[in-house]
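The values are calculated or read from the model by the stated rules, or taken from the named source; none is laboratory data. Computed from a predicted model, the values in this text were never measured in an experiment. Every residue, glycine among them, receives a Cβ derived from its backbone with ideal geometry; neighbour counts consider all protein chains shown.
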Amino acid sequence: MSEKEYPFIDYSCETYSPEEMITRSRSFYEWADERRSVRDFSDKPVPKEVMVNILMTGSSAPSGAHKQPWTFCLISNASLKSKLRALAEEEEKKSYGGRMSDE
């Protein structure tokens, strides 16, 4: 594999003062602490290109040895999505109902 096929990408990152790190970390925590699990989903259509871009973003996440060992599926069939949701909820019930400890 040549560098032309896989060019080197320079890495640089911003650095912050300890005070700025504290401020930014507190702000991030406060934002993240407002998240909630949601079981209410919109039925509004989303452009396919938006979904593809989101999947490409997920598939580019760093992983060990840059292997990205995950698979994403984009499903638009409402019946299939409903069946998958039921199966996922069944697995979740099994997990919370006995697979996981109370801790």
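Name the pairs: first residue in the stretch 22-35 and charged (D, E, K, R), second residue in a loop (DSSP other than H, G, I, E, B), Cβ to Cβ under 9 Å, at least 6 apart or on different chains?
Short answer, once both residue conditions are applied: Arg24/Tyr16.
State whether the residues of the stretch 65-78 include one that is at pLDDT below 90, assigned to a loop (DSSP other than H, G, I, E, B) and touching a Lys or Arg at 6+ places or on another chain (Cβ under 6 Å).
Checked the stretch 65-78: at least one residue is at pLDDT below 90, assigned to a loop (DSSP other than H, G, I, E, B) and touching a Lys or Arg at 6+ places or on another chain (Cβ under 6 Å).
I'm checking my understanding of the structure. Among residues of the stretch 1-28 that are hydroxyl-bearing (Ser, Thr, Tyr) and surrounded by fewer than 10 Cβ atoms within 10 Å (Cβ to Cβ), which one is modelled with the highest pLDDT?
Of the residues in the stretch 1-28, the ones hydroxyl-bearing (Ser, Thr, Tyr) are 2, 6, 11-12, 15-17, 23, 25, 27.
Okay, now just the ones that are also surrounded by fewer than 10 Cβ atoms within 10 Å (Cβ to Cβ), so 2, 6, 11-12, 15, 17.
Numbers: Ser2: 58, Tyr6: 68, Tyr11: 82, Ser12: 85, Thr15: 94, Ser17: 97.
Top of the filtered list is Ser17.
Among the residues of the stretch 9-49, which ones are small (Gly, Ala, Ser) and under 30 Å from Cys73 (Cβ atoms)? First the steps, then the outcome.
Residues of the stretch 9-49 small (Gly, Ala, Ser): 12, 17, 25, 27, 32, 37, 42.
Once the filter is applied, which keeps residues that are small (Gly, Ala, Ser) and under 30 Å from Cys73 (Cβ atoms), the stretch 9-49 yields Ala32, Ser37, Ser42.
Would you confirm, using the coordinates I've provided, whether Val38 is surrounded by 10 or more Cβ atoms within 10 Å (Cβ to Cβ) and aliphatic (A, V, I, L, M)? If you could, list the steps in order and put the result at the bottom.
Details: surrounded by 10 or more Cβ atoms within 10 Å (Cβ to Cβ): no; aliphatic (A, V, I, L, M): yes.
Considered against the rule, which asks whether it is surrounded by 10 or more Cβ atoms within 10 Å (Cβ to Cβ) and aliphatic (A, V, I, L, M), Val38 comes out as no.
Which pairs turn up if I take residues in the stretch 64-92 that are surrounded by fewer than 10 Cβ atoms within 10 Å (Cβ to Cβ) and look for partners that are among the hydroxyl-bearing types (Ser, Thr, Tyr) with beta carbon separation below 8 Å, at least 6 apart in sequence or on another chain?
Note: pairs meeting the criteria are Pro69/Ser63; Trp70/Ser59; Trp70/Ser63.
Given the conditions (1) without any contact (Cβ under 8 Å) to a residue 12 or more places away in the chain; (2) part of a helix (DSSP H, G or I); (3) not aromatic (Phe, Trp, Tyr), report the number of the one that Met51 does not fulfil.
Only one criterion in (1) without any contact (Cβ under 8 Å) to a residue 12 or more places away in the chain; (2) part of a helix (DSSP H, G or I); (3) not aromatic (Phe, Trp, Tyr) is unmet by Met51, namely (1).
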